[in-house]
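The values are calculated or read from the model by the stated rules, or taken from the named source; none is laboratory data. Bear in mind the structure is a predicted one, so any value in this text is a computation, not a measurement. We place every Cβ from the backbone using ideal geometry, glycine too, and count neighbours over all the protein chains shown. Surface accessibility is based on the protein's heavy atoms, side chains included, excluding ligands, DNA and RNA. Shrake-Rupley method; radii C 1.70, N 1.55, O 1.52, S 1.80 Å.
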Amino acid sequence: MFFDSRRSVVPVRNGMVAASQPLAAMAGLRMLIDGGNAVDAAVATSAALNVVEPMSTGVGGDLFALVWMAKEKRLHALNGSGRAPMAASIEELKRRGLPHIPENSSHAVSVPGTVDGWDTILKAHGTMPLSEVLKPAIQYAEEGYPVSDIISHDWTESIPKLSQLPSGTELMIDGRAPKCGEVVRLAELAGTLRIIAEGGRDGFYKGQLAEKLARFVQEQGGWLSADDLAAHASTWDEPISTDYRGVTCWECPPNSQGLAALLALNIVEGFDIGSMGFQTVDTYHHLIEAMRLAFADALRYIADPRKVYVPMAELLSKGYANKRRSRIKGDRALVNVPLGEVLTRQDTVYLSCVDGQGNACSFINSLYQSFGTGLVVPGTGIALQNRGALFSLDPHHPNALEPGKRPYHTLIPAMATRQGELWLSFGVMGGFQQPQGHLQVLVNMVDFDLDPQAALNALRFSVQLDDGVALEEGIPMGVVEELRRRGHRVFVVEGYERELFGGGQIIQRDADTGVLSGGSDPRKDGCAIGW
């Protein structure tokens, strides 16, 4: 059961970029051809996506990345997510009678981490300056580019959000979304990218641009200040991992939700998924149940580890996975998913780049939901993220809103190694679909020996946090009905709504030959390209 993309895997030797939009992928490939490495290519691709897929990512958002440096044979995890403003207050929101942070409000704006993330990763592992890798993005914004199909649809869906304020028109054409094939120029955004290219990260976090951004948020009633922007810095973390049938799977640690993917993999490892058969009822049932259990723990424990204790070692132990797995019944879905007991104290772009030397960058960048809050800073083309909406207003929850704290973050780039060598640089974007996508594509490749493109084509499920499971159109009705008989509340998703299942990119590397094999999700406009 596959999404009928009619795409085959793309094999190359000298370097590859896989992204959700071809013009952005070409921006990264230009860096590789000009002698840059995978990190240079990743930042160029990300910046170009800010222009050609602006509802999904941008300088008003956050990023996470995993970097594999071939000479070191080790991974580095970059946390480029922003923090809550220092004036953030649960009490203030409670006085207003708000049970949660409204997704389209100025209170959902946390410090944008993208630009510092670009700068930090380039200085640590890149070979090109920020001014060089931003050139393709600036060119697309100034000279214009034709909009691709799925992006045009997503843009159209977001026009009501962008229309909240007059500045939203900076990301429209005559008050509407661009049509497929229509050329769009984003002059204000081009100006912002030029400021960053000329002034570096300080051009964004200090000076007139920072003051303009902070003033705008405060005019809308939000907390963000110029001091919050000036104080921001990305951090390098130790990646977390688990072994799955001889493959070491790597994720960024909390506040990223990568832990959810590893929890699910640990549970699934105890089942003989291969003998259950590819996308059979039994396979779907066990993967869904494992994901439900993983989310129960992720939503309870994942928070900013610099502010609260996150019991990662306990959660990732195989013994803990054994206990969680024992709750799964082969013939019946769990009615209630219990929280595990341990000792304690949704729009995004994903891209993958691997160069000819075997360096790799798994990179994810987002505004969270489409155009984030929908608030566009006048004269800048910057759409501000609504990542702060993921904070809890329960002061006793680990993910409770707190000044200077990072929220639970859905962004998760991933990698996989075999016997100490890079095997996969991959990811699946899409809010809470991301760890589910990681689980499903890894099972497809490890248990069913699919190539990267086939692993992405395979039809998916999506566990919904408000209960129920979405299944992708094309899954046989016999499977759907049997899942219902086992107690799963399932519904089938068709058409453009299939974006619910995310969009992934995978680059596989053969350690013996250096051949790179790429796949790109057919649910997006993108491609895997190399030479």
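Computed values, structure above
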quantity	calculated
P(r), alpha carbons of segment 5-96 - 5 Å bins starting at zero, rounded %	3, 11, 15, 18, 17, 12, 8, 5, 4, 4, 2, 1
Within the chain: Cβ-based charge dipole about Cα centre, in debye rounded to nearest 20 (Lys, Arg +1; Asp, Glu -1)	920 debye
Over segment 49-122, equivalent-ellipsoid semi-axes from the Cα gyration tensor in Å	32, 16, 10
Solvent exposure of segment 273-342 as accessible area per residue, Å², 1.4 Å probe	43 Å²
Proximal charge balance of VAL12 [Cβ under 12 Å; K/R count +1, D/E count -1]	0
Distance between segment 214-288 and segment 103-140 - C-alpha centres, whole angstrom	21 Å
Solution diffusion estimate, µm²/s, Stokes-Einstein, segment 379-422, Kirkwood Rh from C-alpha pairs, 4 °C, viscosity 1.567 mPa s	94 µm²/s
Sorted largest first, extent of segment 259-338 alpha carbons per principal axis (Å)	43, 24, 19
For segment 92-176: Kirkwood Rh in Å [reciprocal of mean 1/r, alpha carbons]	16.6 Å
Per-q log10 I(q)/I(0), segment 160-211, q = 0.31 Å⁻¹ (Debye; single scatterer per alpha-carbon; no solvent)	-1.09
For segment 386-482, average projected area of the Cα convex hull in nm²	9.5 nm²
Nearest-0.05 FRET efficiency for GLU473 and THR513, computed from C-beta distance (R0 56 Å)	0.90
Neighbour net charge for CYS361 - beta-carbon separation under 10 angstrom, K R +1, D E -1	-2
Quarter of Cα convex hull surface for segment 89-136, i.e. mean projection, nm²	5.3 nm²
For segment 182-240, convex hull volume per residue from C-alpha positions, Å³	177 Å³
Proportion of all alpha-carbon pairs of segment 415-455 beyond 11 Å (%)	66 percent
Rg in Å to one decimal, and Dmax rounded to a whole Å, for segment 109-235 via C-alpha atoms	16.1, 42
nm² value of the averaged projected area, convex hull over the Cα atoms of segment 251-402	13.4 nm²
Theoretical FRET efficiency, 1/(1+(r/R0)^6), r = Cβ-Cβ of ASP174 and ASP149, R0 30 Å, to 0.05	0.90
The chain: equivalent-ellipsoid semi-axes (sqrt of 5 x gyration tensor eigenvalues, Cα, Å)	33, 27, 22
Environment charge of ARG185, counting only residues whose C-beta is closer than 9 Å and scoring Lys/Arg +1, Asp/Glu -1	-2
Prolate/oblate/rounded call for segment 342-440, Cα gyration tensor, a/c under 1.5 rounded	oblate
Rounded to whole Å, sorted largest first: equivalent-ellipsoid semi-axes of segment 193-300, Cα gyration tensor	44, 17, 13
Amide H within-cut-off set for ALA414, under 5 Å, with H built and near neighbours excluded	PHE426
